[in-house]
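Just below is one structure, and these are the notes that go with it.
Just so you know, all these numbers are worked out from the coordinates, no wet-lab data involved. This structure is a prediction, so every number in the text was calculated from the model and none was measured. So basically every Cβ, Gly included, is an ideal-geometry build from the backbone, and we count neighbours across all protein chains shown.
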């Protein structure tokens with residue numbers, strides 16, 4: 001069998017790759033982005049390996065599953081690696097619970113990846129939203145605008161699987177025509193973003209002359225007052241001013257954000273003046289306590305699914321319908337902070353051996369008919 005130094009199993013043992021995933025800097029970004037540019041066929045393998053490293057670093061799951069669950073996870077891992085790398089090699093680990101935790105991690109990665117592919121290619125064919133959505137069609141047929149006219153938060157699901165929670169009176173808009181090439185939205189008001197990862201298509205939010213550029217992370221933008229405030233919950237973003245720039249100048253700033261922008265990491269934030277375009281970095285303590293930032297922490301340790309679903313219902317203003325008699329007390333071990341709503345549901349349903357559908361503001365969870 002031909003050795004592949006960039007297979008899934010080799011990447012997750014590669015110190016340089018691990019450093020890029022957990023502690024990225026401009027040099028590492030440049031090196032691995034060049035690799036992805038030169039090896040586009042490795043995009044899915046790299047993304048799976050990234051998720052694998054992150055899950056292991058967060059050290060979720062503490063208890064050994066049943067022998068039946070362990071056997072099922074092993075089969076899923078072997079099948080996944082056979083498809084991904086043309087091999088069935090499993091990285092050597094100590095026996096016992098650590099193996100099963102790693103197996104579960106890869107199983108989750110596989111499930112999320114498959115669902116993300118389905119959602120991106122098929123999800124845009126149907127309308128997703130909640131009952132409080134007020135849609136205004138602009139004169140340009142491809143322009144989509146969502147306005148929260150209710151008194152509660154409203155969730156918007158974007159075509160790439162990202163989720164946005166709009167505060168009352170907030171508005172978000174984007175072009176369906178350009179979405180395949182550029183993930184760009186315009187925001188007015190306050191909103192919390194959880195962005196699906198896509199290294200080839202950065203995500204951009206424009207707010208009154210401020211641009212926020214990300215690959216995959218979660219953050220709060222408050223553009224409802226004189227100053228626009230940005231606070232990062234997970235991952236990293238770059239913010240830069242595009243106020244009073246021509247389209248050509250704006251595009252140059254977007255493409256060269258590393259030169260023009262300010263880097264923000266976990267719990268860091270900035271204030272941007274709508275009037276003069278000045279960006280001021282906020283002290284970490286102030287940034288992590290921006291008014292109205294009540295972002296929940298989605299970390300579950302043997303947490304009953306009933307509590308998990310209640311937290312999702314409160315955060316996203318949706319109704320989740322499921323078989324409480326069989327699933328309410330099911331213990332969930334997962335770190336879902338920063339994951340978009342769709343990805344959260346997929347991870348939970350993988351644990352339950354379930355599937356879900358979304359219709360307006362209702363999510364229905366049912367047993368997976370294929371198992």
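Observations on the model:
- Averaging over all projection directions, the Cα-based convex hull of segment 236-370 occupies 11.7 nm² in the image plane.
- Length-normalised contact order for segment 299-367 - Cα pairs under 8 Å, 6+ apart - percent: 37 percent
- Neighbour-count ranking [beta-carbon atoms within 10 angstrom, fewest first] of 329, 273: 329, 273
- In plain terms, the residue of 18, 270, 221 with the fewest other Cβ atoms within 10 Å comes first and the most crowded comes last, giving 18, 270, 221.
- Relative exposure of 246, 188, 241, judged by other C-beta atoms within 10 Å (fewest first): 246, 188, 241
- Burial order of peptide ranges 229-235, 148-154 (average beta-carbon count within 10 Å, highest first): 229-235, 148-154
- Shape call, segment 130-287: gyration tensor on alpha carbons, a/c limit 1.5: rounded
- Contact order, relative form, for segment 130-287: 14 percent (alpha carbon pairs under 8 Å, 6 or more residues apart, mean separation divided by residue count).
- Multiplying the residue separation of residue 143 and residue 275 by 0.36 nm and subtracting their alpha-carbon distance yields 44.8 nm.
- Cα shape, segment 299-367, gyration tensor, a/c 1.5 rule: rounded
- Length released on extending from residue 319 to residue 15, taking residue separation times 0.36 nm less the Cα-Cα span: 105.1 nm
- Working ranking of peptides 210-220, 346-356 by packing, defined as the average number of other Cβ atoms within 10 Å per residue, highest first, is 210-220, 346-356.
- Label sites at residue 265 and residue 36, each approximated as a point 7 angstrom past Cα along Cα to Cβ, lie 2.0 nm apart.
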